[in-house]
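Novice: The structure follows.
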Amino acid sequence: MPTMADVARCAGVSVATVSHVLNGTRPVLAHTRQAVLQAVEALGYTPNTLARSLVTSRTRSIGLAVSAISNPYFTEILQGVEAAALEAGYGLLVADPHDDPRHERTVVQLLHERRVDGLIVAPSAHPHDLVGYLRRHAVPTVFLDRVLDARVLEETAADGRRAAHDRTPNGARADAAPTGGSPAFDQVCAESAEPTAGLVTHLAGLGHRRIGLVAGLSGLSTTSERIAGYRTGLATAGLGYDARLVVSGDSESTAAERATASLLALPEPPTALVTANNAMTIGALRALRRHGLSVPDDMALCCFDDFAWADLFSPRLTAVAQPGRELGATAVRVLLDRLAEPDRAARTVRLPSAFVHRTSCGCPEEPAGTEEAWPTASSTLSQGGTAS
């Protein structure tokens with residue numbers, strides 16, 4: 001196999017110059033860089049990434065831990081992460097924590113043991129063990145999609161301080177003391193509360209007074225934010241909150257089907273539904289079909305998460321479209337910023353979502369996939385309606 005020295009001889013430069021070109025460690029004149037790259041191509045030289053990582057303590061790889069990779073939303077995120085990582089010259093290792101806190105801790109540790117330079121993680125509903133591990137080992141990490149509130153971060157920081165203080169006579173307790181200080185965690189997510197409020201006010205503007213919510217898994221920030229948005233939307237529309245109209249679909253289709261059936265069994269069932277992710281939308285539609293109800297004639301429906309076949313349903317689904325690919329790409333950029341500047345202040349980046357207005361809400365047919373500005377209370381409530 002050709003070596004770096006072979007490339008240097010072919011290009012007529014020093015080995016150090018070849019290294020600078022390949023590793024980007026120092027600016028090199030354009031014509032010199034071109035000569036090196038041509039020599040690399042001509043000789044078929046492949047850098048020894050293992051040897052380079054031993055020298056630089058960097059593997060130029062990123063670990064990604066997201067649950068339900070089969071979910072179209074997370075698939076889009078994965079595509080965004082992969083494209084941005086590749087563009088920056090990083091490889092990607094992927095694991096699925098299955099939204100199980102114990103499995104989450106295990107797969108993150110396995111990724112860390114592969115010496116990835118940093119991690120992008122969509123945390124579970126109970127991430128204390130995960131955050132504790134990341135703090136103890138000072139792993140550069142970006143939390144994606146689900147953000148951690150200040151309480152969780154403070155509790156894990158306090159646990160770390162107590163562990164560091166509680167030392168045995170022979171030194172620090174195993175897996176207890178931080179290495180390199182307590183890391184700052186960056187977070188990247190989409191807006192959740194305001195879009196959910198927008199769906200509720202839109203349905204209220206069409207005349208609905210009993211609007212149900214099929215909410216996600218308890219403990220996730222996306223679930224709590226969408227419930228908060230639902231309540232805000234009701235208040236904006238002048239509607240009272242009825243706890244019986246909020247049911248948990250556990251962020252998956254089977255539980256959502258059961259939850260929707262429980263709403264339909266109420267003495268006064270809702271006339272409209274908001275489903276809080278794409279999997280739960282499928283479950284809700286199954287329940288409606290099983291009860292012989294049609295959308296939107298018998299039940300208006302708006303959903304969180306747009307997906308490729310939402311426009312193929314009959315009726316076409318009115319939805320919140322989250323910027324999955326851009327979320328993934330942004331998480332990579334934020335992580336690379338953290339790697340370049342480890343002591344920078346933590347930041348939370350929230351990206352806007354789009355309102356995709358179709359017909360499952362009961363509105364007239366519009367051009368396929370029309371994206372609009374979020375409906376305001378004044379614009380939707382002025383439409384009136386007769387649903388009860």
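The values are calculated or read from the model by the stated rules, or taken from the named source; none is laboratory data. This structure is a prediction, so every number in the text was calculated from the model and none was measured. Methodologically, a virtual Cβ is constructed for each residue, glycine included, from the backbone with ideal geometry; neighbour enumeration extends over all protein chains shown. Keep in mind that these areas ignore ligands, DNA and RNA; they rest on the heavy atoms of the full protein, side chains included. Shrake-Rupley method; radii C 1.70, N 1.55, O 1.52, S 1.80 Å.
Novice: Would you mind counting up the charge near Y45? Only other residues with Cβ under 12 Å from its Cβ, with Lys and Arg at +1 and Asp and Glu at -1. Intermediate results must be reported in sequence, preceding the final value.
Specialist: Values: positive: R9; negative: D6, E41.
Charge balance near Y45 sits at -1.
Novice: Sort E257, E252, E194, E341 by accessible area with a 1.4 Å probe, largest first.
Specialist: These residues rank, largest area first, as E194, E341, E252, E257.
Novice: While we're looking at this one, here's another question. Within 10 Å of each candidate Cβ there may be at most 14 other Cβ atoms; applying that plus a DSSP loop requirement, which chymotrypsin sites (Phe, Trp or Tyr not before Pro) in the stretch 279-317 survive?
Specialist: W309
Novice: Now a separate question. Modelled label-to-label distance, D149 and A308, 7 Å Cα→beta-carbon offset: nm?
Specialist: Those two pseudo-labels are separated by 3.7 nm.
Novice: Give me, ordered by chain and number, the residues 5 or more places off D100 or on other chains with an amide H under 5 Å from its own placed amide H.
Specialist: Under 5 Å from the amide H of D100: no residue qualifies.
Novice: Still on this structure: Near P97, within a Cβ-to-Cβ distance under 13 Å, what is the net charge of the other residues, with Lys and Arg +1 and Asp and Glu -1?
Specialist: Numbers: positive: R102, R105, R146; negative: D96, D99, D100, E104, D129, D145.
Within the 13 Å Cβ shell, the charges total -3.
Novice: Rolling a 1.4 angstrom probe over the protein heavy atoms, how many square angstrom per residue are accessible across the stretch 284-364?
Specialist: Numbers: 3540 Å² over 81 residues.
Accessible surface, normalised per residue, equals 44 Å².
Novice: Further, regarding this structure: What ranking do 239-248, 356-365, 76-85 get when scored by the average of other Cβ atoms within 10 Å per residue, highest first?
Specialist: 76-85, 356-365, 239-248
Novice: So for R286, R210, R146, what's the accessible-area order with a 1.4 Å probe, most first?
Specialist: Order by accessible area, largest first: R286, R210, R146.
Novice: Another question, if that's okay. If you rank V94, V142 by how much accessible surface each has, with a 1.4 Å probe, what is the order from largest down?
Specialist: V94, V142
Novice: Right, something else. Classify the stretch 185-296: rounded, prolate or oblate, from the alpha-carbon gyration tensor (a ≥ b ≥ c, eigenvalue square roots; a/c under 1.5 rounded; otherwise prolate if a/b is larger than b/c)?
Specialist: Judged from the Cα gyration tensor, the stretch 185-296 comes out oblate (a/c at least 1.5, b/c at or above a/b).
Novice: For L203, what charge total do you get from the other residues with a beta carbon under 13 Å from its beta carbon, if Lys and Arg give +1 and Asp and Glu give -1?
Specialist: Values: positive: R209, R210; negative: none.
Net local charge, L203 excluded: +2.
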